[in-house]
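Trainee: Let me give you the structure first, and then I'll get to my questions.
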Amino acid sequence: MKRTIAVLLSAIFVLSCVSMAASALSMSAGTEALDACFIDGKFNNGFDYVYFSPKKGEGDTTKYPLMVWLHGMQSGKEKRAQLKWYEFSNWASDEYQSRFYNGGCYLLAVRASDSIINSWNGDDSPKLKATVNYFVSQNEGNIDTDRIYLGGYSTGGLMVWDAIAQFPGYFAAAIPIASTDQPTKEELSKLGETAVWIFSSDHDPYQLSESSDVQPVFNYLKANTKKPESVRWTRVSDQRFADGSKRYDLNTGKTMWDAEHFIWESVTYDMHMNDGVTPYVYTTTVDATGKTITFEDPNNGVISWLAKQTKGNKTSNSDTTFWSRIQAFFQKIADFFKNLFKF
C-alpha cells in the first residue's frame with residue numbers, strides 16, 4: 001500500500017512538471033517534488049544519469065546552457081541518489097532557472113558506475129565526455145555547446161579537475177567543490193581559457209581538500225588565467241547547511257568528524273541561505289583580480305556567474321540578467337499570493 005501511494009505521488013509530481021512545461025515548480029514545492037522533475041537516462045557506452053529539460057514545448061528552438069553535476073564517493077550507489085544528497089534539483093526550480101542565460105538550463109546529474117566505492121577515477125573522463133556528447137546529440141538544437149558547465153563535489157570535484165585538464169576548451173566553466181585532490185601545474189597550464197570557481201573548507205579533514213592545499217592552485221590560476229574576473233575561490237571557515245545547521249552524528253549527538261567537508265549547499269543554494277535572501281554564512285569569495293565578491297543580491301550567485309561564461313565570452317549577459325531579475329520579482333509576488341490564499 002505504501003509503495004502504491006509513493007508511486008502515485010511520484011506520478012503526480014512528474015505530471016505537474018510536464019503540464020507546466022519547463023522549470024515547472026517553485027523552490028517552495030520542496031526537494032521531493034523538484035527531484036521528480038528529473039528524467040532517467042543512460043548512455044550504454046558511458047554512464048547512466050538523470051536530467052532536467054528547460055525546453056518549453058516542441059516548438060521551442062531556444063539554445064540553453066547545460067550544467068553537468070558529479071556526485072561524491074558513495075553518493076550514487078542507488079539510482080537518483082546523486083540528486084538527494086546535494087539538493088541539486090533546486091536548480092530546476094522556477095527561481096533558479098530564470099537566472100540562467102536564455103532563462104533556463106539543462107541539468108545532467110551523472111552517476112559513477114563503480115559499484116564498490118562508487119567513485120570516479122581518471123579513466124572516467126573520456127566516458128564522461130562521451131556521455132555528455134550523447135546527451136547533447138539527444139537534445140540537438142536546444143543545447144548551446146559554447147555553454148557546457150561542469151561541477152562536482154569531493155571525488156566529483158577531483159573528477160572536475162581531471163576532465164577539464166584532459167579536455168581543455170570543452171567545458172566553458174568548472175566548479176570543483178571540496179576536491180579530494182588538487183591538479184598539477186601541468187594540468188593547470190591547460191586551463192588559461194577556462195572559467196573556474198573553486199570551493200574549499202578551511203578545516204576540511206580530508207587530505208588535500210583543505211583551503212591551505214587549494215591556495216597554491218588559486219595562486220597559479222590567478223597568475224596565468226586569461227579570464228581573471230571569471231576565476232573565483234570561495235573559502236568556508238565554518239560549514240553550515242542552508243538552514244544554518246551542521247551535520248550531527250545521530251548516535252552521539254556530536255558534530256560529525258567530517259562535517260567541515262560538507263560544503264555543497266553553498267553552491268546548490270546559489271550562495272544564499274534557504275530563505276533565498278541571506279548571503280551564505282561563513283564564506284569569503286575572491287576573484288583573480290583580487291576583488292572580494294559579495295552576495296547581498298539574491299540574483300548574484302553561482303548561477304549568475306555561470307550565465308556570463310562561454311567558451312569565448314562571446315555573448316553579453318547584461319540583458320539576460322536584467323530580465324531574469326524582473327522574472328524573479330514577479331515570481332516572488334506570485335508565491336506570496338499563492339501562500340496567502342493557499343491555492
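Trainee: Is segment 309-328 home to any residue that is closer than 17 Å to Tyr149 by Cβ and at pLDDT 95 or above?
Mentor: Checked segment 309-328: at least one residue is closer than 17 Å to Tyr149 by Cβ and at pLDDT 95 or above.
Trainee: If you don't mind, there's one more thing I want to ask. Of all residues in segment 274-297 being outside any loop (DSSP other than H, G, I, E, B) and touching a residue at least 12 places away in the same chain (Cβ under 8 Å), which is most open to solvent (accessible area, probe 1.4 Å)?
Mentor: Thr284
Trainee: For segment 38-53, check the following and say yes or no: at least one residue is at pLDDT 95 or above, of a type in the set (Lys, Arg) and touching a strand residue (DSSP E or B) at 6+ places or on another chain (Cβ under 6 Å).
Mentor: Within segment 38-53 (the criterion being at pLDDT 95 or above, of a type in the set (Lys, Arg) and touching a strand residue (DSSP E or B) at 6+ places or on another chain (Cβ under 6 Å)), the answer is no, since none of the residues qualifies.
Trainee: Determine if segment 159-170 includes at least one residue that is touching a residue at least 60 places away in the same chain (Cβ under 8 Å), under 30 Å from Met256 (Cα atoms) and open to solvent by less than 10 Å² (accessible area, probe 1.4 Å).
Mentor: Among the residues of segment 159-170, at least one is touching a residue at least 60 places away in the same chain (Cβ under 8 Å), under 30 Å from Met256 (Cα atoms) and open to solvent by less than 10 Å² (accessible area, probe 1.4 Å), which makes the answer yes.
Trainee: Here's something else I'd like to know. So how many residues does segment 124-156 have that are open to solvent by less than 10 Å² (accessible area, probe 1.4 Å) and without any contact (Cβ under 8 Å) to a residue 60 or more places away in the chain?
Mentor: Total meeting the criteria: 1.
Trainee: Out of (1) modelled with pLDDT of 85 or more; (2) surrounded by fewer than 24 Cβ atoms within 10 Å (Cβ to Cβ); (3) not in a strand (DSSP E or B), what's the single condition that is false for Asn121?
Mentor: (1)
Trainee: Failed condition for Ala109, given (1) touching a Ser or Thr at 6+ places or on another chain (Cβ under 6 Å); (2) closer than 19 Å to Ala178 by Cβ; (3) open to solvent by less than 50 Å² (accessible area, probe 1.4 Å), with all others met?
Mentor: It fails just one condition, (1).
Trainee: Looking only at segment 27-54, count how many residues are over 27 Å from Asp124 (Cα atoms), open to solvent by 40 Å² or more (accessible area, probe 1.4 Å), out of contact with any Gly (no Cβ under 8 Å at 6 or more places or on another chain) and in contact (Cβ under 8 Å) with a residue 24 or more places away in the chain.
Mentor: Looking only at that region, the number is 3.
Trainee: Test Tyr220 against the stated conditions and say whether it is more than 17 Å from Leu306 (Cβ to Cβ), modelled with pLDDT of 95 or more and either of a type in the set (Gly, Ala, Ser) or not in a strand (DSSP E or B) (or both).
Mentor: Answer is yes for this residue.
Trainee: Which of the following residues is assigned to a helix (DSSP H, G or I) and within 22 Å of Val68 (Cα to Cα): Trp161, Trp233, Trp197?
Mentor: Step by step, each of Trp161, Trp233, Trp197 is checked, and only Trp161 is assigned to a helix (DSSP H, G or I) and within 22 Å of Val68 (Cα to Cα).
Trainee: Another one. If we keep just the residues of segment 188-237 that are basic (Lys, Arg) and open to solvent by 70 Å² or more (accessible area, probe 1.4 Å), which is nearest to the chain's Cα centre (by Cα)?
Mentor: Arg235
Trainee: Assess whether His261 counts as being crowded, with 20+ Cβ neighbours inside 10 Å, in contact with a Gly (Cβ under 7 Å, 6 or more places away or on another chain), modelled with pLDDT of 75 or more and not aromatic (Phe, Trp, Tyr).
Mentor: no
The values are calculated or read from the model by the stated rules, or taken from the named source; none is laboratory data. Bear in mind that the values here come from a model prediction, so they are computed numbers and not experimental data. Positions of Cβ are generated from backbone atoms using ideal geometry, with glycine treated the same way; all protein chains shown enter the neighbour counts. All accessible areas refer to the heavy atoms of the entire protein, side chains included, with ligands and DNA or RNA removed. Shrake-Rupley method; radii C 1.70, N 1.55, O 1.52, S 1.80 Å.
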